[in-house]
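What follows is one structure encoded as structure tokens, with my remarks underneath.
The values are calculated or read from the model by the stated rules, or taken from the named source; none is laboratory data. As the structure is a computational prediction, the values presented were derived from the model and not from experiment. Cβ coordinates were reconstructed from backbone atoms using ideal geometry, including for glycine residues, and neighbour counts include every protein chain displayed. For accessibility, only protein heavy atoms count, side chains too; no ligands or nucleic acids. Shrake-Rupley method; radii C 1.70, N 1.55, O 1.52, S 1.80 Å.
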Amino acid sequence: MSFTASLVSSLTSPSFVSLDHLPPSFFLPTTLVNPTSLSHSRPPRLSASYGPAAKAATANDVVPETAPTSASEVVSSFYAAVNVHDLSSVTDLIAQDCVYEDLVFSSPFVGRKAILDFFGKFIESTSTDLQFVIDDISTEDSSAVGVSWHLEWKGKNFPFSKGCSFYRLEVIDGKRQIVYGRDCVEPAIKPGETVLAAIKGVTWLLQKFPQLADQF
């Protein structure tokens, strides 16, 4: 979810303009994350013992097994909770030692408390009229999820708000939780081919002065 509060600052940017809608065929179908539409658990699976003892087993002997919520459901739930400003629902989705990188910031947020504090500030700075909308989310991997998203203000595209996020998850104490997240957000200033010139210049410097690489 970026979960980044830096998007709010684009409202005051001199380059703030309304965005024209791209052709519908350009995008995958978008989904506005709604917490009431998400499933937080899978139907229970039944297992029973095998062998001679199993012949005498009754329905009362069958033990239900519940699988942890899928990785994509956990991530979708995260966006849904942020959309309704419900930090209490976010807590169990984040591992205690989770690391979250928003590339707008110079250093990552480490630990559940630091991450929740950050999102608390984000929520205080925004309104529930500002909503994360998932454009596409990967569902095949149980331990890693990629998401492309954008923000909408009362159903209309918010400027400079497209982003891509990556999450790594692990099952901890029977719950699938986010242990790592990274957000990359659309920049308000778009340098275009100037970036290529900058890369070329830096590459030339590194070739002439290899020791500069030690400063990275």
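Descriptive notes on the structure:
- Total residues in the stretch 196-213, condition open to solvent by less than 80 Å² (accessible area, probe 1.4 Å) and either touching a His at 6+ places or on another chain (Cβ under 6 Å) or part of a loop (DSSP other than H, G, I, E, B) (or both): 0
- Of all residues making up the stretch 102-142, the number that are farther than 17 Å from VAL82 by Cα and charged (D, E, K, R): 3
- Residue identified as touching a Leu at 6+ places or on another chain (Cβ under 9 Å) and not small (Gly, Ala, Ser) among VAL145, VAL171: VAL145
- With respect to being in contact with a Gly (Cβ under 8 Å, 6 or more places away or on another chain), closer than 17 Å to ILE178 by Cα and of a type in the set (Ser, Thr, Tyr), TYR100 fits the description.
- Per-region count, the stretch 117-142, residues more than 26 Å from ASN157 (Cα to Cα) and not small (Gly, Ala, Ser): 3
- Just one of (1) in contact with a Leu (Cβ under 7 Å, 6 or more places away or on another chain); (2) exposed (fewer than 15 other Cβ atoms within 10 Å of the Cβ); (3) of a type outside the set (Lys, Arg) fails for PHE216. It is (1).
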